[in-house]
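Peer 1: The structure follows.
The values are calculated or read from the model by the stated rules, or taken from the named source; none is laboratory data. Bear in mind that the values here come from a model prediction, so they are computed numbers and not experimental data. Note that we place each Cβ from the backbone using ideal geometry, even for glycine, and neighbour counts take in every protein chain shown. Accessible surface is based on the protein model in full, side chains and every heavy atom, while ligands, DNA and RNA are left aside. Shrake-Rupley method; radii C 1.70, N 1.55, O 1.52, S 1.80 Å.
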Amino acid sequence: MSLRDELSTFESGRLVLSVVGMPHVCPAVPIEFTTMTDARFRELDNGEDVEIIYTYPIPQLHSVDAVDEWIGPWFADRNITTHIDFNFASVNADAKVIHTEDGKRLSYDLLVGVPEFKPSPLIAESGLGETWMEVDKHTFESDHADDVFGAGDVTNIPTSKAGSVAHYTAGTIVDRVAALARANTPQTIFNGDSICFIQAGTDTGSHMSFQYDAEPVIRDETEFVHWAKLT
Ligand SMILES: Cc1cc2nc3c(=O)[nH]c(=O)nc-3n(C[C@H](O)[C@H](O)[C@H](O)COP(=O)(O)OP(=O)(O)OC[C@H]3O[C@@H](n4cnc5c(N)ncnc54)[C@H](O)[C@@H]3O)c2cc1C
């Protein structure tokens, strides 16, 4: 059964959103899932019957400090229980219990896990990096092969694994390849400038901008950003 079908028939009990490993794709995913399911159950009038629990594997609610500070009060206002430093070891699907590395147990009725993202072993096999595809973070040229560029989640650039980052990096690569094709010296470089939309509940959204050398900044939630994300 798909998660959508499971959620549409889930009327009461404990729903656990657990970030199982890091890095995971899309830093917004656990926040969006938790805030949207909470809002949805409230709209359906069974907010009282569904207990939502959010778990995260490091000692704060999110790896981005600005998100951690923003989302703490949001979760507290809506009675969303949180467990930080919660490191998933195994799950007993028959008993519906998660076991952590330090021996804790957490039962659930519905478990939604956000898995660790790992790049394809093809990268290492092809000599393009030990695990991640190793590229220059400003030009995306491979550290290991001439005339090879890398973009997206599989690269080692020090930023989020997000579609928006892949989108912004693509422009730099296109400019550089076009310059090389014209026998010019490529001038465009990437400084990590990206924006990520974050849905907060079902009718507002926030967004976060970040760069390699600046701490991410999170903006106020607005209905406009919610619509911008939908489009
Ligand atoms: C549920 C979810 C929600 C998300 N929401 C957002 C969001 O709101 N905003 C945001 O910015 N990001 C979001 N992301 C993250 C975003 O989807 C990824 O960061 C983005 O797709 C990365 O782009 P990519 O091109 O690097 O990889 P992908 O989009 O994963 O594309 C890689 C492609 O390579 C193919 N491939 C893999 N191995 C091989 C092979 N050996 N041979 C041939 N082809 C192969 C795959 O089939 C795939 O088509 C979300 C991700 C998930 C899972």
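Peer 1: Taking amide H atoms as placed 1.01 Å from N in the peptide plane, list the residues 5 or more away in sequence, or in a different chain, whose amide H sits under 5 Å from that of Met133.
Peer 2: For Met133, whose amide H was placed from the backbone, the distant partners under 5 Å are Thr155, Asn156.
Peer 1: Using mean Cβ contacts within 10 Å as the protection proxy, how do 115-127, 29-41 order, highest first?
Peer 2: Going from most to least packed, we get 29-41, 115-127.
Peer 1: Need one number: nm distance between label points at Thr131 and Asn191, each 7 Å from Cα along Cα→Cβ, rounded to one decimal.
Peer 2: Output for this residue pair reads 3.0 nm.
Peer 1: If I build a Gaussian network model for the chain, linking alpha-carbon pairs within less than 10 angstrom, which residue out of Glu51, Glu221, Glu130 has the largest mean-square fluctuation?
Peer 2: Residue with maximal mean-square fluctuation among Glu51, Glu221, Glu130: Glu130.
Peer 1: Thr81's amide H: which non-local residues (gap 5+, or another chain) put their own amide H closer than 5 Å, with H modeled 1.01 Å from N in plane and none for Pro or chain starts?
Peer 2: For Thr81, the qualifying residues are Ile52, Tyr54.
Peer 1: Now for a separate question. Can you tell me which of His24, His144, His207 moves the most in a GNM of the chain? Springs connect C-alpha atoms under 10 Å apart.
Peer 2: Maximum fluctuation in the GNM of the chain, among the listed residues, is at His144.
Peer 1: Now for a different question. Could you tell me the center-to-center distance, by alpha carbons, between region 158-191 and region 87-149 in angstrom?
Peer 2: 25 Å
Peer 1: A follow-up question, please. Which value, in debye to the nearest 20, describes the size of the charge dipole of region 109-231 about its Cα centre when Lys and Arg Cβ atoms bear +1, Asp and Glu Cβ atoms bear -1, and nothing else is charged?
Peer 2: Dipole of region 109-231, to the nearest 20 debye: 300 debye.
Peer 1: Right, next: Would you kindly derive the ³J(HN,Hα) couplings of region 122-137 from the backbone phi angles with the Karplus curve 6.51 cos²θ - 1.76 cosθ + 1.60 (θ = phi - 60°), listing them in order in whole Hz, with x for Gly and Pro?
Peer 2: After applying 6.51 cos²θ - 1.76 cosθ + 1.60, I find 4, 4, 5, 4, 8, x, 8, x, 5, 10, 7, 6, 8, 9, 6, 6 Hz.
Peer 1: Per DSSP helix of 4 or more residues, -39500 (n - 2.57); summed, then divided by the residues of the chain. What does that give at 222 nm, rounded to the nearest 500?
Peer 2: One gets -8500 deg cm²/dmol as the mean residue ellipticity at 222 nm.
Peer 1: On to the next question. Subtracting the Cα-Cα distance from 0.36 nm times the residue separation, let me have the gained length for His138 to Val174 in nm, one decimal. It would help to have the intermediate numbers written out before the result.
Peer 2: Values: separation 36, 0.36 × 36 = 12.96 nm, distance 1.32 nm.
Working it through step by step, the gained length comes to 11.6 nm.
Peer 1: With the other protein chains left in place, how much accessible area per residue, in square angstrom, belongs to the chain at a 1.4 angstrom probe?
Peer 2: Spelled out: the 1.4 Å probe surface of the chain, per residue, equals 54 Å².
Peer 1: Still on this structure: From the backbone phi of region 32-38, what are the Karplus-calculated ³J(HN,Hα) couplings (6.51 cos²θ - 1.76 cosθ + 1.60, θ = phi - 60°) in whole Hz, Gly and Pro given as x?
Peer 2: 5, 4, 5, 5, 6, 5, 4
Peer 1: Highest mean first, what order results for 15-22, 189-196 on Cβ atoms within 10 Å?
Peer 2: In descending order of packing, they fall as 15-22, 189-196.
Peer 1: Roughly what % antiparallel, to the nearest 5, for the DSSP beta bridges in region 3-117?
Peer 2: 35 percent
Peer 1: Would you mind checking which residues have amide H under 5 Å from His24's amide H? H placed 1.01 Å from N; only 5 or more apart, or other chain.
Peer 2: Long-range HN contacts for His24: Phe117.
Peer 1: If you don't mind, there's one more thing I want to ask. Can you give the FRET efficiency for His99 and Val29, using 1/(1 + (r/R0)^6), R0 = 25 Å, r = Cβ-Cβ distance, to the nearest 0.05? Mind showing how you got there, number by number?
Peer 2: On the way: r = 23 Å, r/R0 = 0.92.
After rounding to 0.05, the efficiency reads 0.60.
Peer 1: Tell me the net charge near Thr82. Cut-off is 13 Å between Cβ atoms, Thr82 excluded, with +1 for each Lys or Arg and -1 for each Asp or Glu.
Peer 2: -4
Peer 1: Also: Give me the number: length gained by fully extending Asp203 to Ile84, i.e. 0.36 nm times residue separation minus the C-alpha to C-alpha distance, one decimal in nm.
Peer 2: 40.2 nm
Peer 1: For Asp45 and Gln60 in one chain, what is 0.36 nm times their gap in residues minus the Cα-Cα distance, to one decimal in nm?
Peer 2: Details: separation 15, 0.36 × 15 = 5.40 nm, distance 3.02 nm.
Stretched out fully, the Asp45 to Gln60 stretch lengthens by 2.4 nm.
Peer 1: What ranking, highest mean first, results for peptides 1-12, 90-101, 63-74 when packing means the other Cβ atoms within 10 Å averaged over each residue?
Peer 2: Put in order of decreasing packing, that is 63-74, 90-101, 1-12.
Peer 1: Quick one: net charge of Ile98's neighbours, Cβ under 10 Å, K/R +1, D/E -1?
Peer 2: Neighbourhood net charge equals +3.
Peer 1: Another question, if that's okay. Which residue fluctuates the most in the chain, going by a Gaussian network model with Cα springs under 10 Å, if the choices are Leu61, Leu111, Leu44?
Peer 2: Judging by the Gaussian network model, the answer is Leu44.
Peer 1: Related question: Taking the Cα centre of the chain as the origin and placing charges on Cβ (Lys, Arg +1; Asp, Glu -1), which of Val64, Leu17, Asn156 is farthest toward the positive end of the dipole?
Peer 2: Checked the options; the winner is Asn156.
Peer 1: Given R₀ = 25 Å, FRET efficiency for Met36-Glu116 by Cβ-Cβ distance, to 0.05? Show your work: numbers first, answer last.
Peer 2: Numbers: r = 22 Å, r/R0 = 0.89.
Using R0 = 25 Å, I get an efficiency of 0.65.
Peer 1: Could you size up the charge dipole of region 25-147 around its Cα centre, putting +1 on the beta carbon of Lys and Arg and -1 on that of Asp and Glu, and report it in debye to the nearest 20?
Peer 2: That gives region 25-147 a dipole magnitude of about 540 debye.
Peer 1: Could you give the dipole magnitude of region 122-181 about its Cα centre, charging the beta-carbon of Lys and Arg +1 and that of Asp and Glu -1, in debye to the nearest 20?
Peer 2: On the way: 3 positive and 10 negative charges, 61 e Å.
Here the size comes out at about 300 debye.
Peer 1: Indicate, rounded to the nearest 5 percent, the antiparallel portion of the DSSP beta bridges found entirely in the chain.
Peer 2: 55 percent
Peer 1: For region 178-192, take each phi angle, set θ = phi - 60°, evaluate the Karplus expression 6.51 cos²θ - 1.76 cosθ + 1.60, and give the result in whole Hz per residue in order, putting x for glycine and proline.
Peer 2: With the stated coefficients, region 178-192 comes to 4, 5, 4, 5, 9, 6, 9, 8, x, 10, 6, 10, 9, 10, x Hz.
Peer 1: Assuming a ≥ b ≥ c are the square roots of the Cα gyration tensor eigenvalues, decide whether region 14-55 counts as rounded (a/c under 1.5), prolate (otherwise, with a/b larger than b/c) or oblate. Intermediate values should be presented prior to the final figure.
Peer 2: Values: a/c = 5.10, a/b = 2.00, b/c = 2.55.
Here region 14-55 falls in the oblate category.
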